[in-house]
Amino acid sequence: MTGPATGTTALACVALGSSATELRTLDVTGCGADDGWLRVEASGICGTDVALAAKDLDAPVILGHHVVGQVEDLGPQAAQRWGVTAGDRVALEEYLPCGSCPACRAGRYRECPDTDLWGGGRRVGLVPVDESPSLWGGNAQYMYLPPNAVVHRLPPDLPASLAAWTLPLANAVDWVSRVGAAAPGETVVVIGPGYHGLAAVAAARHAGAAQVLVGGLPRDASRLRLAEKLGATTFDTSQPDVAEHVRALTDGRGADLVVDIAGAGPETVSTAMSLLGARGRLVVAGIKNPALASIDTAALVRGMHTVSGVRGRDPESVARSIDVLAGGGAGLGDAPSEDVPLAEVGQMLGRLAAGDGPETPHVVVRPWLSPTDANADRSAS
Ligand SMILES: [Zn+2]
Ligand SMILES: [Zn+2]
């Protein structure tokens with residue numbers, strides 16, 4: 001069998017809880033007939049990682065669940081089930097579904113109770129490091145691929161910085177196109193110019209939206225500028241006349257679709273509702289804190305609006321995301337990636353938690369990058 005030689009080790013950033021992390025060197029074990037190993041190329045940091053790293057964890061974990069890499073080794077049964085061979089580049093979903101519940105049997109593994117983040121489910125980047133073989137998250141040089149891993153093959157020549165968009169763009173495709181039903185010629189508004197917000201701009205452009213507007217707060221200025229680079233018009237959601245402003249930008253029609261991806265309080269939901277035109281759709285991604293939001297039922301009924309909640313993505317959205325990226329990324333190549341070596345992951349998670357992150361929301365752990373290389377890259381750009 002090929003793959004990691006006996007005695008191979010992997011450097012990993014282990015989150016200990018309460019914002020503490022440490023680098024550990026862990027053993028890469030052999031693989032059986034039904035599992036495998038991934039050589040991690042890139043692991044995107046999302047808001048969930050930032051929140052998890054800051055909280056009091058029950059047990060140390062290797063975070064990182066937006067992972068792409070190269071299949072280093074795998075058993076014959078795994079190869080058959082995943083449809084990949086050693087050496088293939090893949091994107092890994094965070095789901096570790098049971099494979100036998102009604103949702104799994106219907107192919108809707110994101111709805112498997114075993115994967116439910118809020119119900120104590122197990123996911124890539126959340127399994128304790130004490131559980132053999134320890135390497136369950138993307139913030140490490142190698143990652144274990146258990147029998148129930150969900151992988152998607154990537155084109156061999158897709159640049160790593162674009163490949164790292166696979167999952168956030170798949171989420172955005174699911175929310176904007178599949179659930180939001182964005183159609184050519186429509187106006188799509190995205191609230192929240194973060195990692196998923198930029199991906200949603202690309203998804204809306206790919207869906208043929210005639211106009212893409214992105215709303216954010218004054219503190220989001222640099223990210224709103226990035227959204228403009230991707231072809232969006234931006235606005236300030238904290239202005240009292242925001243609904244009139246958006247109506248003026250859309251010739252009085254309002255939005256066909258609003259996707260609310262803002263990660264803060266529930267007030268963006270009522271703002272989002274106020275931007276909808278006739279038969280407008282509102283898609284809410286992410287639970288607000290506090291969770292209870294108020295909705296103007298007069299506008300809802302009179303406007304015949306639809307409100308949907310979304311989480312994660314279906315497998316078809318991952319396939320579409322990979323197609324979009326292979327075709328150039330619908331502008332995402334214009335959003336720079338901030339590459340983080342393993343030794344700097346803890347510091348970066350702290351910066352992001354404090355709202356002091358880099359200008360780009362595309363922050364990517366590159367486990368084989370040495371801190372010196374990363375600094376050299378930054379000073380050169
Ligand atoms: Zn995530
Ligand atoms: Zn299941």
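The values are calculated or read from the model by the stated rules, or taken from the named source; none is laboratory data. As the structure is a computational prediction, the values presented were derived from the model and not from experiment. No Cβ is skipped: glycine too gets one built from the backbone with ideal geometry, and neighbour counts run over all protein chains shown. In case anyone asks, the SASA skips ligands and DNA or RNA and just uses the protein heavy atoms, side chains included. Shrake-Rupley method; radii C 1.70, N 1.55, O 1.52, S 1.80 Å.
Counting just the residues of segment 229-251 that are open to solvent by 50 Å² or more (accessible area, probe 1.4 Å) and not in a helix (DSSP H, G or I), which one comes out farthest from L213 (Cα to Cα)?
P240
Within segment 4-48, can you find the residues that are modelled with pLDDT under 95 and within 16 Å of ligand 1 (Cβ to nearest atom)?
Of everything in segment 4-48, those that are modelled with pLDDT under 95 and within 16 Å of ligand 1 (Cβ to nearest atom) turn out to be C46, G47, T48.
What number goes with the only condition from (1) outside any strand (DSSP E or B); (2) out of contact with any Pro (no Cβ under 9 Å at 6 or more places or on another chain) that D220 does not pass?
Result: D220 passes all but (2).
Between residues in segment 149-164 that are farther than 11 Å from G329 by Cα and residues that are basic (K, R), which pairs lie under 8 Å by C-beta distance while being six or more apart or on different chains?
Within 8 Å, the pairs are R153/R89; L154/R89; P155/R89; P156/R89; A160/R366.
Within segment 112-132, take every residue that is surrounded by fewer than 18 Cβ atoms within 10 Å (Cβ to Cβ) and touching a Cys at 6+ places or on another chain (Cβ under 9 Å) and give me the one that is modelled with the lowest pLDDT.
G121
Condition first: open to solvent by 10 Å² or more (accessible area, probe 1.4 Å) and under 21 Å from A262 (Cβ atoms). Can you find one or more residues in segment 153-174 that meet it?
So far as segment 153-174 goes, no, none of its residues is open to solvent by 10 Å² or more (accessible area, probe 1.4 Å) and under 21 Å from A262 (Cβ atoms).
Scan segment 277-299 residue by residue and report those that are part of a helix (DSSP H, G or I) and touching a Leu at 6+ places or on another chain (Cβ under 9 Å).
Scanning segment 277-299 gives a single hit, A299.
Output the helices (runs of 4 or more DSSP H) that fall wholly within segment 22-131 and possess 3 or more residues being more than 16 Å from ligand 2 (Cβ to nearest atom), or say none.
47-54, 76-82
Listed here are the residues, each with its yes/no results for (1) open to solvent by 60 Å² or more (accessible area, probe 1.4 Å); (2) touching a residue at least 40 places away in the same chain (Cβ under 8 Å); (3) in contact with a helix residue (DSSP H, G or I) (Cβ under 6 Å, 6 or more places away or on another chain).
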{"position": "V283", "(1), (2), (3)": "no, yes, yes"}
{"position": "G303", "(1), (2), (3)": "no, no, no"}
{"position": "P315", "(1), (2), (3)": "no, yes, no"}
{"position": "G328", "(1), (2), (3)": "no, no, no"}
{"position": "S337", "(1), (2), (3)": "no, yes, yes"}
{"position": "P341", "(1), (2), (3)": "no, no, yes"}
{"position": "Q347", "(1), (2), (3)": "yes, no, no"}
{"position": "A354", "(1), (2), (3)": "yes, no, no"}
